[in-house]
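Below is one structure, written out as structure tokens; the observations come after it.
All of the numbers you see were taken from the coordinates with simple rules; none came from a lab. Small disclaimer: the values here were computed from a predicted structure and weren't measured. Positions of Cβ are generated from backbone atoms using ideal geometry, with glycine treated the same way; all protein chains shown enter the neighbour counts.
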Amino acid sequence: MSEIQHEMIKPLEYDYKGDTETAQFIVMQEFGAKHIQYTAPIRQAVMRAIREAQEAAKGEQPADSDGGEVTGADLIGMLESSSEDMAKLFLWFKELCVKSKLFKIDDSVVVNGMLYDKLSADDLYAIFGEYMLAFIAASLLK
Amino acid sequence: MTTQIADPGVSINNVPVGVTPNSVKFTEGLGEQKMRAVSFGAGVTGQVFSNDVETNFAKVMLEIPSTVENIAAVRGWKLGGNNNTITIVASTVEGDLTRIFKKAALLGDYENDLGADGNIALEFTSNKAV
């Protein structure tokens, strides 16, 4: 099962072996069939946002492409510019994070509801974008 | 008007714990001190103050219902030795209280009360609260 890693932007403290540690990174593993109910709505939303962007771009002069790769932040920006309900998407992502055991802080402590709520907004946006890019919407962007 | 803290939130090893209301207690772990008198003669006395660091351990006491999940969790905390961290958080209109207890262990052999309203009474001993 493939995985990606996110370096923490803002400190997050968690309990580990009787002490308090500061998280350095989060490891995120690829989801499987049993997590589809959380990822399918997000994938659907990305598909709709792509279609909206393509419709909006019809008839316009194509912008000079800088040839750069799409990033997680680009995906988040595309969704935020669309008619998609970001609050609902974050709720689905939270369900995935806290119920799947696919997300581990410092590759040692599984993210649960309490640890998810401690994430900074910057880290959460980054994690969501990176996870969509790497796994949920990967095939849509090829 | 001041407000009594009566509804603290307790988490152990990053997991919130549902406690029996009004059962949570803690000590700061600041230990006990001794004060002895010294005499300079002619009725003049002073004091010698000392800190008994042998007693510098905090305690956290709470009760949780005897559910299957709780019994398994307590067994895990016991087997984990002193690798537990407890956090108590409480809020009132006047302000917040937070205490963190590191290296907490269940030293005693706790009872699992399997009655209709049975609770598990726990007492953790830890480093002094921060």
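At-a-glance table
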{"quantity": "Between helix A:72-81 and chain A: long-axis angle, C-alpha atoms, 0 to 90°, nearest 10", "calculated": "60"}
{"quantity": "Nearest 10 degrees, 0 to 90: helix B:68-79 Cα axis against chain B principal axis", "calculated": "40"}
{"quantity": "Per-residue average of Cβ from other chains inside 10 Å of A:100-113", "calculated": "1"}
{"quantity": "Helix-only CD estimate at 222 nm, as mean residue ellipticity for chain A, using -39500 (n - 2.57) per DSSP H run (n ≥ 4)", "calculated": "-14000 deg cm²/dmol"}
{"quantity": "Cα-based shape type of the stretch A:30-142, given that a ≥ b ≥ c are square roots of the gyration tensor eigenvalues and the cut on a/c is 1.5", "calculated": "prolate"}
{"quantity": "Rounded to whole Å, sorted largest first: equivalent-ellipsoid semi-axes of the stretch B:23-76, Cα gyration tensor", "calculated": "46, 10, 6"}
{"quantity": "Qualifying lysines (Cα of each under 25 Å from Cα of B:LYS59; at least 8 residues distant if same chain)", "calculated": "A:LYS17, B:LYS25, B:LYS34, B:LYS78, B:LYS102, B:LYS103, B:LYS128"}
{"quantity": "Sparsely packed GluC sites (Glu not before Pro) within the stretch B:87-130, loop by DSSP, other Cβ within 10 Å at most 16", "calculated": "B:GLU94, B:GLU111"}
{"quantity": "Overall form of the protein assembly as shown per C-alpha gyration tensor (a/c, 1.5; a/b vs b/c)", "calculated": "prolate"}
{"quantity": "Protection proxy ranking, peptides A:72-84, B:32-44, A:94-106, average beta carbon neighbours within 10 Å, highest first", "calculated": "A:94-106, A:72-84, B:32-44"}
{"quantity": "Amide H partners (placed H, <5 Å) of B:VAL17, local residues excluded", "calculated": "B:VAL10, B:SER11, B:ILE12"}
{"quantity": "Using θ = phi - 60° and Karplus 6.51 cos²θ - 1.76 cosθ + 1.60, couplings along the stretch A:17-34 (whole Hz; Gly, Pro as x)", "calculated": "6, x, 9, 10, 10, 9, 5, 9, 7, 10, 9, 10, 8, 5, 7, x, 4, 6"}
{"quantity": "Spatial extent of the stretch A:64-122: Rg and Dmax, with the Cα atoms as the point set, Å", "calculated": "14.6, 45"}
{"quantity": "Alpha-carbon centroid distance for the pair the stretch A:1-32 / the stretch B:28-63, whole angstrom", "calculated": "43"}
{"quantity": "Cα-Cα pairs of chain B separated by more than 17 Å (percent)", "calculated": "64"}
